[in-house]
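Data block below; observations after.
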Amino acid sequence: MYILALEASTSSAKAMLYHCQQGVVDVLGAPYDSAICDVVTIDPQGAVDAVLDVGRKLLEKNGHPKIEVVALSSIWYHSVLYLDKNRAPLSRVLTWANTEAAPTIAKYRADGKTNNWVFQKTGNPCHSIYALWKWMHLKDHGPQQLKEKVAYISSLPEYLFMQLSGGELAVSNMTASASGMLNIHTLDWDDDVLAFAGLNRSMLSKVVEPEYASTLCKQAAERLGLPEGLPLLVPGGDGALNQIAAGALKQGVMTLSMGTSAAIRMSCPEPILPQTPSTWCYYGAEGKRIVGAATSGAGNCVEWFAKKMMLGNYKYRKLDDMVAQRYSQPFDAPIFLPFNFGERCPGWDDLRLGGFYNVKGKHDGVDHYFAVLEGVLMNLYQCYRILCQNASTPDIIQISGGINKSPIWLQMAADIFNRDIEVSNMEHASTLGACAVGLKYLGQIASLEEFSQPQGKIISPIAQNVEKFAPRFLQYLACYNQK
């Protein structure tokens, strides 16, 4: 039996063909055209068309195998899309990278009470990544003409599902738990939060379980070259699906994914909500919550330094090699705060700025590049300590993403965290997670916890480097607290 998984991510469309016994058969991806996506916004119909195109090409390439179910993946509810009364888009999708709402949020966050109130209900602090606060900004400061036309609050995953199902409005509680509007305890829209925001349930999709299925509509089926009426699973949020694909829905496994931004995640049996909002808590599946922390600065900071500060004169591998050559020497680089694109965890300050501290005349480009790699990890380690304090210390840390292409950055991660790090060989994790949900829907597995991947290479910390990073982390914290 075959599963077709389709994904609309922030930057690309993906399709995966999965055989229930053999595993992944083939994967095809295509970056969105620049007219469709500029990272900050996405053309919703353009993204849907791109997903259907890549799905059709994958099926044609593999001889049109018989598909039993179509599983969907998309970005967690870190996006918002406004629809009119006919469910037509009134705007482009505003992604997590859109921070226009930051000044509005600062006002609500200032008293502390609103932030804590919303956080304790939803697991989501006041921050511009969440749909709630994007809507609050539109409500308080947006064009009157647009506000009057908004009939539905939606997102990229919901729009994908609506288009492929022929008009059904539904969102999984997994995905909706990252909206700022879903109660993390009841897993339903929170009426108090909706009243605070001036919203009502009629403006939102129905909340369903991750295994909820509709049927593939005629138009989408024709575009894919599939029969009309195939089971169509509601989209899962990419972060939760990543956790499922890694076999990390069970407790004791932490995933660390490093892409444009970065995140650490752990599954837990119930919501974990610190008194001071520093981490987040979303829903995974099968009753499990996912507690974690995300940072806005990761690969984007590395790209910023390599392409803008170094004027693109060096390739990443060359920069990595130069850092590696100095790695056995005493560490005397500047301290870097990776908030060039604002801060998520632990301070949740959309308007925070990044930069270098403790710069000396002898420091060169290699020292600064070292500081960027280190600073991204220091921010994650700062969050890791908070997460362990409020949840538990993980037995395993699995790392994935662009960092896996850099041996020196991986070693730096092991040394800063002072932990063995398992390098995940898994690719296209969120798409693979959608296949896992498809397997459960088809009865091939009884629980998503049964889905797992082979163990990857282990990177162990080096004692002398752990000792050298310890005082530098204290310097990082001192710089961080100089607000």
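The values are calculated or read from the model by the stated rules, or taken from the named source; none is laboratory data. Being a predicted model, the structure only gives us computed values, none of them experimental. Here the Cβ is made from the backbone with ideal geometry for all residues, glycine too, and neighbour counts use every protein chain on show. The protein model used for the area step is the full one, side chains on, heavy atoms only, and it has no ligands, DNA or RNA in it. Shrake-Rupley method; radii C 1.70, N 1.55, O 1.52, S 1.80 Å.
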Report the charge-dipole magnitude of the range 393-477 in Debye, nearest 20, computed about the Cα centre from +1 at each Lys and Arg Cβ and -1 at each Asp and Glu Cβ. 260
Assigned charges on the beta-carbon of Lys, Arg, Asp, Glu; the range 438-483 dipole about Cα centre (debye): 280
Report the one residue of 432, 334, 116 whose Cα lies farthest in the direction of the positive end of the charge dipole of the chain (charges on C-beta: Lys and Arg +1, Asp and Glu -1; origin at the Cα centre). 334
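Using a probe of 1.4 angstrom, how much of the accessible area of the chain is carbon and sulfur, in percent? Don't skip to the answer; put the middle values down first.
Values: 9120 of 18380 Å².
Carbon with sulfur: 50 percent of the solvent-accessible area.
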Please give the FRET efficiency for residue 114 paired with residue 185, using the beta carbon to beta carbon distance and R0 = 22 Å, rounded to the nearest 0.05. 0.75
Label point 7 Å beyond Cα of residue 444 along Cβ direction - residues of the range 5-20 with amide nitrogen under 13 Å: 5, 16-20
Out of 256, 312, 273, whose Cα points farthest toward the positive end of the dipole of the range 247-334 (charges: +1 Lys, Arg; -1 Asp, Glu; placed on Cβ)? 312
Trypsin sites (Lys or Arg not before Pro) restricted to the range 412-474 and DSSP loop, no more than 15 other C-beta within 10 Å: none
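Full-extension gain between residue 149 and residue 364, please, as 0.36 nm times their residue separation minus the C-alpha to C-alpha distance. Before the final figure, lay out each step's value.
Details: separation 215, 0.36 × 215 = 77.40 nm, distance 5.41 nm.
Computed gain between residue 149 and residue 364 is 72.0 nm.
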Ignoring ligands, DNA and RNA, what accessible area per residue does the chain give at 1.4 Å, in Å²? 38
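Apply the a/c threshold of 1.5 to the C-alpha gyration tensor of the range 284-394 and tell me whether it is rounded, prolate or oblate.
Details: a/c = 2.06, a/b = 1.88, b/c = 1.09.
Because a/c hits 1.5 or more and a/b exceeds b/c, the range 284-394 counts as prolate.
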As a check on your grasp of the helix formula, calculate [θ] at 222 nm for the chain: sum -39500 (n - 2.57) over DSSP H runs of n ≥ 4, divide by the residue count, round to the nearest 500. -11000 deg cm²/dmol
Normalised by the number of residues in the chain, what is the relative contact order in percent for Cα pairs under 8 Å and 6+ residues apart? 15
Could you list the square roots of 5 times each eigenvalue of the Cα gyration tensor of the chain, that is, the equivalent ellipsoid semi-axes, sorted largest first and rounded to whole Å? 35, 27, 21
Using a simple charge model, +1 on the beta-carbon of Lys and Arg, -1 on the beta-carbon of Asp and Glu, nothing else, what dipole does the chain show about its Cα centre, in debye to the nearest 20? 780
Between rounded, prolate and oblate, where does the range 137-231 land on the alpha carbon gyration tensor, with a ≥ b ≥ c its root eigenvalues, rounded for a/c under 1.5, else prolate if a/b exceeds b/c? oblate
Principal-axis tilt of helix 407-417 within the chain, Cα atoms, nearest 10 degrees: 80
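Can you classify the range 195-313 as rounded, prolate or oblate using the Cα gyration tensor, where a ≥ b ≥ c are the square roots of its eigenvalues, rounded means a/c under 1.5, and otherwise it's prolate if a/b beats b/c and oblate if not? Could you put the intermediate results ahead of the total?
Numbers: a/c = 1.76, a/b = 1.28, b/c = 1.37.
It comes out oblate by the Cα gyration axes.
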List the residues whose amide H sits under 5 Å from the amide H of residue 26, counting only those 5 or more places along or on another chain, with H placed 1.01 Å from N in the peptide plane. 17
When the Karplus curve 6.51 cos²θ - 1.76 cosθ + 1.60 is applied with θ = phi - 60°, which whole-Hz ³J(HN,Hα) does each residue of the range 9-26 get, with x for Gly and Pro? 8, 5, 10, 7, 9, 9, 9, 10, 9, 10, 9, 4, 9, 8, x, 5, 9, 6
What is the antiparallel percent of DSSP beta bridges lying wholly in the chain, to the nearest 5? 70
So residue 467 and residue 195, fully extended at 0.36 nm per residue minus their Cα-Cα distance, gain in nm 92.7 nm
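If you take every DSSP beta bridge whose two residues both sit in the range 246-347, what share of them, in percent to the nearest 5, is antiparallel? Intermediate values should be presented prior to the final figure.
On the way: 16 of 17 bridges.
Looking only at bridges with both residues in the range 246-347, the antiparallel portion is about 95 percent.
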Sorted by chain and then number, the residues having a modelled amide H within less than 5 Å of the amide H of residue 184, at least 5 places away or on another chain, are 122, 123
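Taking 0.36 nm per residue of sequence separation and subtracting the Cα-Cα distance, how much length would be gained by fully extending the chain between residue 60 and residue 389, in nm to one decimal?
Numbers: separation 329, 0.36 × 329 = 118.44 nm, distance 5.04 nm.
My answer for the length gained is 113.4 nm.
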Where in the range 37-68 does the label zone of residue 88 land, with the point 7 angstrom along Cα→C-beta and an amide N cut-off under 14 Å? 45
